[in-house]
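Engineer: Once you've had a glance at the structure underneath, I'll fire off some questions.
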Amino acid sequence: LRSAPFERSYQDLFERLDTNKDGKVDVAELREGLKAMGIFRQGAAQKIVSSGDQNKDGCLDFNEFTKYLKEHEKKLWLTFKSLDKNDDGRIDSSEIQQSLAELGIDVSREDTLKILQSMDIDGTMMVDWNEWREHFLLCPAHNLEEIIRYWKHSSVLDIGDSIAIPDEFTEEEKSTGGWWKQLVAGAVAGAVSRTGTAPLDRVKVFMQVHSSKANQISLLGGFKQMIVEGGVTSLWRGNGINVLKIAPETAIKFMAYEQVRNRAKIETHQRFLAGSLAGATAQTAIYPMEVLKTRLTLRKTGQYAGMFDCAKKILRKEGVKAFYKGYVPNLLGILPYAGIDLAVYETLKNTWLAHYATDSANPGVLVLLGCGTISSTCGQLASYPLALVRTRMQAQASLEPSNQPSMSSLMKKIVAKDGVFGLYRGILPNFMKVIPAVSISYVVYEYMKSGLGISK
């Protein structure tokens, strides 16, 4: 099969693999076919069938087989173009050596030539696109390094909600330590972005807690009230702790995600579960900081001397359990947010890769920002009622110490009093801060990357 003419159609290949002629290729047939082609990679057949099997019947019909190969070929082309450094349509040994060096792998010239020989059909000691395609067409690649590298999401864009699913890092980034530099760059970008949009965040929390049908608070009205009460600087109340919690949360979430991820090669749905679990772990660890953030954001002039004074007063007056008020809606909010954010982002990413990627997996700034903004906004929209209930519960004890409703009774009370729209109070400033937050965090992230010497 390896020496068969390259022009053979997918139909031809499909017929060769379909040994029992039932119009479908199952795992066993594919495994035998791969073996005949000299591909002995463990689990390759299973992986190809799982990736391409759309109707979940455990095998591939001709349409599924063709669709899988076309999508896979597109990814192979992007990788081929990224390896072909001098853009002459062929890969030579120095280009392979250079690419492996970028991945943090030092390979001798002899080993590079061996890699070339395994792909080189015509004996030129260079690999053209046809030979490359021939070699890898039936080797499953899950997430190609190029695609992972360019489509960073959560570490690049910070919109103030830290429940997005952590990014994947390439093996190169892990082996060269690039991953921690990216996390640091992301954390600094998040800090600048949150500080820049803090007034909108404070007015959002203010409207979530105080606005109702009886007490309508508009965007401008909210700003006016806050400035009259505490001056212009009061618009940044609660920002200090909001910035402080980025570092522990990012670190815990990343470590928890890597722990879960290492147990399995991750598909999108498993990534969602691993990411949600990591988010829940991080949120549980830093949740008292969330409560402090809400209390400090809503504080009146002179109410607390600072972060530690606020923590002391809450502890003395309300006990330890006050630091976990609103924990349940917060935890429940992770699932719709992370699930929808990831699903929308993956869909937009795959649509772009399938229809617009020509020579590189790099989508460019605008596409990346656009996809990130749309997916995060959809995630926020879905989880917003839970976020509002969480904030109300966090604030409730200081407003009405005698009245401590549960999550469901508070939700019912809001809907009965203000209708369903009551669960979306403060959503206008929330959406207004998305685009500036995304833009600021991206620009700062890029500056930080060049400052820390992270290659593109």
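Engineer: I'd like the carbon and sulfur percentage of the solvent accessible area for the range 182-452, probe radius 1.4 Å, heavy atoms only, ligands and nucleic acids excluded.
Structural biologist: Taking all protein chains in place, the range 182-452 shows 68 percent carbon and sulfur surface.
Engineer: On full extension of the chain, what length is gained from VAL232 through LYS174, given 0.36 nm per residue of separation minus the C-alpha to C-alpha distance?
Structural biologist: 16.5 nm
Engineer: If you don't mind, another one. If you count, for each residue, the other Cβ atoms within 10 Å and average over each peptide, how do 19-25, 430-436, 228-234 line up from highest to lowest?
Structural biologist: Output ranking for 19-25, 430-436, 228-234: 430-436, 19-25, 228-234.
Engineer: If I take the Cα coordinates of the range 182-452 and project them onto the principal axes, what are the three extents in Å, biggest first?
Structural biologist: Cα extents, longest axis first: 61, 38, 38 Å.
Engineer: If we sort 339-345, 50-56 on the protection proxy, mean other Cβ atoms within 10 Å, highest first, what's the order?
Structural biologist: Averaged packing, sorted descending, gives the order 339-345, 50-56.
Engineer: Residues of the range 192-235: accessible area per residue at 1.4 Å, in Å²?
Structural biologist: Result: 44 Å² per residue.
Engineer: May I pose another question? Report, as a whole number in µm² per second, the diffusion coefficient that Stokes-Einstein gives for the range 175-269 at 25 °C and 0.890 mPa s using the Kirkwood radius over alpha carbon pairs. Kindly include the intermediate steps, with their values, before the conclusion.
Structural biologist: Values: Rh = 16.2 Å.
Once the numbers are plugged in, D ends up at 151 µm²/s.
Engineer: Continuing with the same structure: Run the quick spin-label model on PHE421 and ALA305: label points 7 Å from Cα toward the beta carbon, then report their separation in nm to one decimal.
Structural biologist: About 4.5 nm separates the two model spin labels.
Engineer: On a full-extension model of 0.36 nm per residue, what is the gain between VAL443 and THR195, subtracting their alpha-carbon distance, rounded to one decimal in nm? Intermediate results must be reported in sequence, preceding the final value.
Structural biologist: Numbers: separation 248, 0.36 × 248 = 89.28 nm, distance 1.43 nm.
Value of the extension gain: 87.8 nm.
Engineer: Obtain the nm distance between the two label points defined at SER50 and LEU273 by a simple spin-label model: each point lies 7 Å from its Cα along the Cα-to-C-beta direction.
Structural biologist: A separation of 1.1 nm, rounded to one decimal place.
Engineer: Could you go through the range 18-34 in sequence order and give the Karplus-derived ³J(HN,Hα) for each residue, using 6.51 cos²θ - 1.76 cosθ + 1.60 with θ = phi - 60°, rounded to whole Hz, and x for Gly and Pro?
Structural biologist: Along the range 18-34, the couplings run 7, 5, 8, 6, 9, x, 9, 10, 9, 4, 4, 4, 5, 4, 5, x, 5 Hz.
Engineer: Would you list which lysines come within 29 Å of LYS81, measuring only between C-alpha atoms, while excluding same-chain residues fewer than 8 positions from it?
Structural biologist: Those lysines meeting the cut-off are LYS35, LYS47, LYS67, LYS70, LYS114, LYS152, LYS174, LYS181, LYS265, LYS349, LYS449, LYS456.
Engineer: Computed FRET efficiency, Cβ-Cβ of PHE62 and ASP87, R0 35 Å: what is it to the nearest 0.05?
Structural biologist: After rounding, the FRET efficiency stands at 0.50.
The values are calculated or read from the model by the stated rules, or taken from the named source; none is laboratory data. This one's a predicted model, so the numbers in the text were calculated from it and none came from an experiment. All Cβ positions, even for glycine, are placed from backbone atoms using ideal geometry, and neighbour counts span all protein chains on display. For the accessible areas, the whole protein counts, side chains as well, though only heavy atoms, and no ligand, DNA or RNA atoms are used. Shrake-Rupley method; radii C 1.70, N 1.55, O 1.52, S 1.80 Å.
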